[in-house]
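A.B. asks: Sharing a structure below in structure tokens format, with a few things to ask.
Where a number appears in this text, it was derived from the coordinates with a stated rule and is not lab data. Everything quoted here is computed from the prediction, not taken from an experiment. Neighbour counts run over all protein chains shown; Cβ positions are idealised from the backbone, glycine included.
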């Protein structure tokens, strides 16, 4: 029995095969788009440690710091960073305030510029401390009373009405009873039917209605 070699069809919508050179370029592009690589490139341009560190080492160190938060939920470094930044911003506020005071009286434009930057540093310091406080003591979740909302503008709450408040149904029935009882200041006459009067002698009092008797065939 002969066997036919089945040719596997290429699935539709699959990306075209890349050459070795194109695959290498794509790997470099993906590595460049990583947040750790972008941040490492920024740090490398600052030359904080001179030429003692390279881009690859900076990216690896940044990935380690990020994994502490994402994988281990360790926010100790983030808390320390916010605390240190608040002190730095406070020192910047004091330095800019001193420069504003030195130019006061002679160079008003410089005084105003330094004071604006000082107040911005103060505002950023306050915002940093607020963020640190929220990180250390997150707010409690708010419990919202459940409600059943229809497709239209109607809304029905699950909570029952307080005992001391009358329901709307009782109020409606009470209003209808009051309307029936008060008709121009007179109550409804529920007594027996009166006899025919002289104004309309043809009208007589209705008697007992004769009912047909059921007959069995």
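A.B. asks: Quick one: if the Förster radius is 35 Å, what FRET efficiency do residue 32 and residue 95 give, using the C-beta to C-beta distance and rounding to 0.05?
C.D. replies: Calculated value: 0.40.
A.B. asks: Each label point is 7 Å from the Cα along the Cα-to-Cβ direction; what then is the distance between the points at residue 137 and residue 45, in nm?
C.D. replies: 4.1
A.B. asks: How far apart, in nm, are two points set 7 Å out from the Cα along the Cα-to-Cβ line at residue 67 and at residue 21?
C.D. replies: 3.5
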